[in-house]
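Trainee: Got a structure for you, questions after.
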Amino acid sequence: MPHEIALGEVYIPPLLLVVIIAYVLASFAFFIAGKLGLYRFIAFPVIAELCLMVIFVNAISKYITIF
């Protein structure tokens, strides 16, 4: 993973960007699950969304370290 990303004079940790991307992906996945009616099979949707977000963060960070 890169050490830091510089936008002008502002340094942003890359993990922050990865977490934002993972949150958007998890929200989109749960939006689709809600439209398909899959929410009725999930006992605790908040915990499931958090777990899915952690999985996305791990997958995206592994992908970034390759390049």
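The values are calculated or read from the model by the stated rules, or taken from the named source; none is laboratory data. Predicted model, so just to flag it, every value in this text is computed and none were measured. Every residue, glycine among them, receives a Cβ derived from its backbone with ideal geometry; neighbour counts consider all protein chains shown. These accessible areas exclude ligands, DNA and RNA; they are computed on the full protein's heavy atoms, side chains included. Shrake-Rupley method; radii C 1.70, N 1.55, O 1.52, S 1.80 Å.
Trainee: If the label point is 7 Å along Cα→Cβ of Cys51, which residues in the range 3-45 have backbone nitrogen under 11 Å from it?
Mentor: Within reach of a label on Cys51, which here means backbone N under 11 Å from a point 7 Å along Cα→Cβ, the range 3-45 contributes 42-45.
Trainee: Here's a follow-up. Per residue, what accessible area does the chain have, given a 1.4 Å probe and all protein chains present, in Å²?
Mentor: Numbers: 5290 Å² over 67 residues.
Per residue, the chain has 79 Å² of solvent-accessible surface.
Trainee: Here's a follow-up. Run the numbers for Ala59 and Ile21: contour at 0.36 nm per residue of separation, minus the present Cα-Cα distance, in nm.
Mentor: Working: separation 38, 0.36 × 38 = 13.68 nm, distance 1.12 nm.
Separation in residues times 0.36 nm, less the Cα-Cα distance, equals 12.6 nm.
Trainee: Next question, about the same structure. Considering the chain as a Gaussian network with a 10 Å cut-off on Cα pairs, which listed residue, Leu38, Leu15, Leu50, attains the greatest mean-square fluctuation?
Mentor: Most flexible of the set in this elastic network: Leu38.
Trainee: Between Phe30, Phe41, Phe56, find the one with the highest GNM mean-square fluctuation for the chain; connect C-alpha pairs within less than 10 Å.
Mentor: Result for the chain, Cα springs under 10 Å: Phe41 fluctuates most.
Trainee: Leaving ligands, DNA and RNA out of it, report the carbon-plus-sulfur percent of the accessible area of the range 11-67 at a 1.4 Å probe.
Mentor: Carbon plus sulfur share of accessible area: 79 percent.
Trainee: Going by alpha carbons, how many degrees (0 to 90, nearest 10) lie between the helix axis of 45-66 and the longest principal axis of the chain?
Mentor: Taking Cα atoms only, the helix is inclined about 30 degrees.
Trainee: What order do you get for 43-49, 23-29 when each peptide is scored by the mean count of other beta carbon atoms within 10 Å, highest first? Mind dumping the intermediate values first?
Mentor: Values: 43-49: 11.6, 23-29: 14.6.
By packing density, highest mean first, the sequence is 23-29, 43-49.
Trainee: Please list the radius of gyration and Dmax for the chain, considering alpha-carbon atoms only, with Å as the unit.
Mentor: Reported Rg and Dmax, both Å: 14.8, 47.
Trainee: For helix 14-36, what angle does its Cα long axis make with the longest principal axis of the chain, in degrees from 0 to 90 and rounded to 10?
Mentor: That helix lies at roughly 20 degrees to the long axis.
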